[in-house]
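Chemist: Encoded as structure tokens, here's the structure I'll be asking about.
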Amino acid sequence: MIQSKKFKLSNGLRVVYHRDESSPVAAFNMLYDVGARDENPKKTGFAHLFEHLMFGGSSNIVDFDGPLQMAGGQSNAFTSNDITNYYMTLPSLNLETAFWLESDRLNLLDFNQNSLDVQRKVVIEEFKQRYLNQPYGDVWLLLRPLCYKIHPYKWATIGEKIQHIEDAKIDDVKAFFFKHYTPRNSILSIAADLEFEKIQEFSNKWFSSIEDRNEYTRCLSPEPVQLEKRELRVERNVPNDALYIAFHMDNRMGEDYHVADLISDILSRGKSGRFYKKLIRDNPKFIELSAFIMGSLDNGLFVIAGKPVKGTSLEAAYDLIRAELDLFASELIGERELQKNKNKIKSSLTFQEMSNLNKAMSLAYYELFDSSSGINNEFLKYENVSSSAIKRVAEKLFSENNSNILYYKSAKDA
Amino acid sequence: MLKRKVSPPTKALELKKIKEPEIIPLDNGIEVAFFNLGSQDLIHVELIFDNGLTQSSNIIIPTAVSELFGTASSSFGSGEIAEKLDFYGAFLETSINKDIASISIYSLTEHIDDVLNILFDALFNLVYPQNDIDIFLSNSLQKLKSELEKVEYVCLKTFNQYLFKDHLYGDVISFSDFENISSKQLQLYFKSFYNPEDVSVVVSGKFDNSSLYNSLNNHLGLWKGGSVKKNIPSIDKSEIFKLFVTKTNALQSAIRIGKIVPVKYGSVDYFKLKLLNTILGGYFGSRLMSNLREEKGLTYGINSSFINYDAASFVVISTTVKGESTSIAVKEIYSEIDRLSNQLVDNEELILVKNYISGSLMRTVDGPFLIAEQYKLLSHKGEKLAYLEKFNAVIQEITSDDLLQCAVKYFSVDSFSEVVVGPKSNN
């Protein structure tokens, strides 16, 4: 159970607060409701590049990290297809420093050509390091456009190509800031050991004078229902073949979201999951095999990723996985197996409540798509999943016409 | 009027005194440290063995022993232990590094008795089925081949191999190490190195002290056996090496630059080097990050680590850079190392880094699990939690002059070794 209080400033900024008296370290988390899905298709990777620029100084503060480190703090951020999330951890007694820093960059970023020039290079190196210079690094650059034809989930957060990052201009930076970095479009969440009134006071002092900028209304074309199986074959210089199968699934708010998540656990959570037991241990046809969901706010993906052992072709590997998926339709899952997976989720959710940073991040995220208190209903949503719901959702999810298959072949085998 | 240009006043950081754990020995002398400080109904029980990878000349053996722990026992077949633990929502985690092996259980407090019974069965009636071993070996070998495609991995392995030439820390792996490992060998290794003389136990979370103690004492307290560990010879220097490994078609080069430093854990120079290393490359605002990333955009990230194994301490800088920028990056790294010996650290930077370190220390003891983790690392070194306060206090007293002398003593540029793995040598 995570208790929280919230309020809204007149400029639209939402603030969520959780008090934790046991920890001297506060977490200060700012979520901006903007991600790669909001990018111009000709300027992809921009939300993430912008995240880097947010550390390049604001109109009144030249150096973002220095004063924070001086106060004993640390900061970082991440960008996803849905959101951009910035966080700081620092001693509760210096929490006001975080308010000062975060509010100044929301108030007005320093649009600085030098910072853009440098961060473009840094992000291009990040692109290479994570996506191009790693075995299997380009999988998501291939799989996304295979699965999504219309919706902007068709490109990865790093961007569709390096060219887009090279082309970013300072005017794009300004426009993006005024369009998306507005109080109305952001959620501040804090987990700390301070009186609630103190949080209200700091929030008002530092954030309330920031102008309420124009509201951004998201208007994305939904991905049309997929009508036939799609396949892509590539050959790469990797030591092992790999197979990826992605199915379209419900969004984070959807009724079947938790069911699909449980299905992915049933298949591949730990060494008692079906994949490990059956296809890695008893009939060892895979080196690795896992199932996971992307958890995105618009309709997302259920993904299966595996590397077959030498001597098992990608086609044979596909058939083995397919047989496992078909089992959901022909057999109702047993109560004990279902309960086991629910128990595991219960304990994982409890473990996630251990740190202030996790709590602050989760509260902001729930506030975005549901309500900060929704975090406390999460387990119930899993608990209520029945074996017949598993069967119903699996049948729909794993329909062949809903599948996108990437055969990633090792060129060394050729 | 709001003063946006000026930082709100910050308070000096005081590291709160952390209470030492209650330590109660079991009947056979095994020490158990209790940190009963949680607010959530969770518990972590960790068995720590003072024996690491260095106890075998083939590190695949201790790795397999650790990874496959809990696969089966004489009462439960392959996979049944995992099935039971999963049913209780518990997590079994094992790990092994150069000096320590560990077996951990995380559980909801309500299930801890059942979960511990499963753990003790795994511990005392352990079986390594050959089939599971064979699968582990062939899959690990394939994963290793995949790792060898990464410039970062090849750089790491090559660097360690040369830094610790002819020493067990070099942990050179060859493909043949994965062959012919038998259940018997693993069983024997387990029996020799996971024994009651080399173990200590740390419990953290929220629980009933006496019932947990009884549960541990009724099982672990009856455990008999002796230590056969071998001492690892200390190593305080290495020959200087400069190597380039060509990885055709790579887009980026991985770079490692470092050296063994002859300092003892907890000595005065040890603390100075901790601070010096942080300034150089130990945090986001470090000199290496500022220069190579924030000024020149050569890399996504660069860091410098000061690592202390039981038998050696060393400094290593590592980064991955654009292939064409390799020589400029290497040059800049040496110039930052050199600057430490030639120029006093100014006061503002010094205070900032000291505060950063104090804040980091606070973060490392945030909550019962993290406190237990620190305790584990410290007690392996023969220290108590009070060491953290001492660490902080000593760091705060270090002056710019101290750092300059320390840099002159340990950080002369020509004493460093380097490995570059990348597309082609353009020197």
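The values are calculated or read from the model by the stated rules, or taken from the named source; none is laboratory data. Fair warning: this is a prediction, and the values are worked out from it, not measured in the lab. Here the Cβ is made from the backbone with ideal geometry for all residues, glycine too, and neighbour counts use every protein chain on show.
Chemist: When you look at A:M361, is it part of a loop (DSSP other than H, G, I, E, B), within 25 Å of the chain's Cα centre (by Cα) and either within 14 Å of chain B (Cβ to nearest Cβ) or touching a residue at least 12 places away in the same chain (Cβ under 8 Å) (or both), yes or no?
Modeler: No: the conditions fail for A:M361.
Chemist: Hey, among the residues in region B:42-72 that are among the acidic types (D, E) and not in a helix (DSSP H, G or I), which one's surrounded by the most Cβ atoms within 10 Å (Cβ to Cβ)?
Modeler: Among them, the one singled out is B:E46.
Chemist: Right, something else. Please specify each residue of region B:297-337 satisfying the condition of being in a strand (DSSP E or B), under 25 Å from A:L53 (Cα atoms) and not aromatic (F, W, Y).
Modeler: Answer for region B:297-337, where residues must be in a strand (DSSP E or B), under 25 Å from A:L53 (Cα atoms) and not aromatic (F, W, Y): B:T299, B:G301, B:I302, B:N303, B:S304, B:S318, B:T319, B:T320, B:V321, B:K322.
Chemist: From the list A:K340, A:K396, A:K310, A:K346, which one is touching a strand residue (DSSP E or B) at 6+ places or on another chain (Cβ under 8 Å) and among the charged types (D, E, K, R)?
Modeler: A:K346 is the lone residue from the list that is touching a strand residue (DSSP E or B) at 6+ places or on another chain (Cβ under 8 Å) and among the charged types (D, E, K, R).
Chemist: Across region A:5-27, what is the number of residues that are modelled with pLDDT of 95 or more, exposed (fewer than 15 other Cβ atoms within 10 Å of the Cβ) and charged (D, E, K, R)?
Modeler: 2
Chemist: Just one of the numbered conditions (1) more than 8 Å from chain A (Cβ to nearest Cβ); (2) assigned to a helix (DSSP H, G or I) is not true of B:I23; which one?
Modeler: (2)
Chemist: Still on this structure, please answer the following. So, B:F175, is that one without any contact (Cβ under 8 Å) to a residue 60 or more places away in the chain and either closer than 30 Å to B:I232 by Cα or out of contact with any Phe, Trp or Tyr (no Cβ under 8 Å at 6 or more places or on another chain) (or both) or not?
Modeler: For B:F175, the condition - without any contact (Cβ under 8 Å) to a residue 60 or more places away in the chain and either closer than 30 Å to B:I232 by Cα or out of contact with any Phe, Trp or Tyr (no Cβ under 8 Å at 6 or more places or on another chain) (or both) - is met.
Chemist: Anything in region B:69-115 that is more than 8 Å from chain A (Cβ to nearest Cβ) and more than 29 Å from the chain's Cα centre (by Cα)? List them, or say none.
Modeler: B:S73, B:S74, B:S75, B:F76, B:G77, B:E80, B:K84, B:E110, B:H111, B:D113, B:D114, listed by residue number.
Chemist: Would you mention how many residues in region A:116-165 are among the aromatic types (F, W, Y) and away from chain B (no Cβ under 14 Å)?
Modeler: Count: 4.
Chemist: Report, by residue number, each residue of region B:286-296 that is assigned to a loop (DSSP other than H, G, I, E, B) and either modelled with pLDDT under 95 or among the charged types (D, E, K, R) (or both).
Modeler: Of everything in region B:286-296, just one residue is assigned to a loop (DSSP other than H, G, I, E, B) and either modelled with pLDDT under 95 or among the charged types (D, E, K, R) (or both), namely B:K296.
Chemist: Just wondering, is there one or more residues in region B:46-57 that are within 12 Å of another protein chain (Cβ to nearest Cβ) and under 16 Å from the mean Cα position of the chain (by Cα)?
Modeler: no
Chemist: Also: Would you be able to say whether some residue in region A:156-174 is closer than 30 Å to A:K359 by Cβ and part of a helix (DSSP H, G or I)?
Modeler: No, because not a single residue in region A:156-174 is closer than 30 Å to A:K359 by Cβ and part of a helix (DSSP H, G or I).
Chemist: Which of the residues that make up region B:21-39 are touching a helix residue (DSSP H, G or I) at 6+ places or on another chain (Cβ under 7 Å) and at pLDDT 90 or above?
Modeler: Selection gives B:P21, B:I24, B:L26, B:D27, B:N28, B:I30, B:V32, B:A33, B:F34, B:F35, B:N36.
Chemist: Could you say which residue among A:N356, A:N343, A:N299 is within 27 Å of the chain's Cα centre (by Cα), at pLDDT 95 or above and either within 12 Å of chain B (Cβ to nearest Cβ) or on the phi > 0 side of the Ramachandran plot (or both)?
Modeler: A:N343
Chemist: Restricting to region A:237-287, name every residue that is assigned to a loop (DSSP other than H, G, I, E, B) and touching a Gly at 6+ places or on another chain (Cβ under 8 Å).
Modeler: Within region A:237-287, A:D250, A:N251, A:R252 qualify.
Chemist: State all residues of region B:342-379 that are of a type in the set (G, A, S) and under 25 Å from B:V201 (Cβ atoms); if no residue qualifies, say none.
Modeler: Correct list: B:G367, B:A372, B:S379.
Chemist: Restricting to region A:55-74, and then to whatever is without any contact (Cβ under 8 Å) to a residue 24 or more places away in the chain and either touching a Cys at 6+ places or on another chain (Cβ under 9 Å) or among the small types (G, A, S) (or both), can you tell me which residue is surrounded by the most Cβ atoms within 10 Å (Cβ to Cβ)?
Modeler: Checking each candidate, the answer is A:G72.
Chemist: Turning to a different aspect of this structure: In region B:365-383, what count of residues is obtained for those that are assigned to a loop (DSSP other than H, G, I, E, B), more than 14 Å from chain A (Cβ to nearest Cβ) and either surrounded by fewer than 16 Cβ atoms within 10 Å (Cβ to Cβ) or touching a Ser or Thr at 6+ places or on another chain (Cβ under 8 Å) (or both)?
Modeler: The total comes to 2.
Chemist: Taking A:N112 as the residue in question, decide whether it is of a type in the set (S, T, N, Q) and closer than 27 Å to A:N204 by Cβ.
Modeler: Spelling it out, it is not the case that A:N112 is of a type in the set (S, T, N, Q) and closer than 27 Å to A:N204 by Cβ.
Chemist: Just the residues that are out of contact with any strand residue (DSSP E or B) (no Cβ under 7 Å at 6 or more places or on another chain) and within 14 Å of another protein chain (Cβ to nearest Cβ), please, taken from region A:196-243.
Modeler: Those that are out of contact with any strand residue (DSSP E or B) (no Cβ under 7 Å at 6 or more places or on another chain) and within 14 Å of another protein chain (Cβ to nearest Cβ): A:K198, A:E201, A:F202, A:N204, A:K205, A:W206, A:F207, A:S208, A:S209, A:I210, A:E211, A:N237.
Residues are listed down the side, and each one gets a yes or a no for (1) touching a Leu at 6+ places or on another chain (Cβ under 7 Å); (2) at pLDDT 95 or above; (3) surrounded by fewer than 18 Cβ atoms within 10 Å (Cβ to Cβ):
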{"site": "B:N308", "(1), (2), (3)": "no, yes, no"}
{"site": "B:D338", "(1), (2), (3)": "no, yes, yes"}
{"site": "B:I351", "(1), (2), (3)": "no, yes, yes"}
{"site": "B:R363", "(1), (2), (3)": "no, no, no"}
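Chemist: Answer with yes or no whether B:S39 is polar (S, T, N, Q), assigned to a loop (DSSP other than H, G, I, E, B) and within 20 Å of A:G270 (Cα to Cα).
Modeler: It is false that B:S39 is polar (S, T, N, Q), assigned to a loop (DSSP other than H, G, I, E, B) and within 20 Å of A:G270 (Cα to Cα).
Chemist: Still on this structure, I have one more. Kindly provide the set of residues from region B:125-150 that are of a type in the set (A, V, I, L, M) and without any contact (Cβ under 8 Å) to a residue 12 or more places away in the chain, ordered by number.
Modeler: B:I135, B:L148 - these are the residues of region B:125-150 that are of a type in the set (A, V, I, L, M) and without any contact (Cβ under 8 Å) to a residue 12 or more places away in the chain.
Chemist: Provide a single number: the residues in region A:66-104 that are of a type in the set (F, W, Y) and more than 10 Å from every other protein chain (Cβ to nearest Cβ).
Modeler: Going through region A:66-104 one residue at a time, the tally reaches 3.
Chemist: Separate question: Return the total of residues in region A:302-329 being at pLDDT below 95 and away from chain B (no Cβ under 14 Å).
Modeler: Within region A:302-329, residues that are at pLDDT below 95 and away from chain B (no Cβ under 14 Å) number 1.
Chemist: Please state which one of B:L350, B:L361, B:L388 is in the same structural domain as B:K272 (by TED's automatic domain parsing), over 30 Å from B:L42 (Cβ atoms), assigned to a helix (DSSP H, G or I) and out of contact with any strand residue (DSSP E or B) (no Cβ under 9 Å at 6 or more places or on another chain).
Modeler: The unique qualifying residue is B:L350.
Chemist: Now a separate question. Which count do you get for residues in region A:292-348 that are in a strand (DSSP E or B) and small (G, A, S)?
Modeler: The qualifying residues number 3.
Chemist: Sticking with this structure for a sec: Does A:L227 satisfy the condition of being surrounded by 18 or more Cβ atoms within 10 Å (Cβ to Cβ) and among the aliphatic types (A, V, I, L, M)?
Modeler: no
Chemist: Specify the residue that is farthest from A:F398 (Cα to Cα); the eligible residues are those in region A:182-236 that are part of a helix (DSSP H, G or I) and among the polar types (S, T, N, Q).
Modeler: Among residues in region A:182-236 that are part of a helix (DSSP H, G or I) and among the polar types (S, T, N, Q), the one farthest from A:F398 (Cα to Cα) is A:N204.
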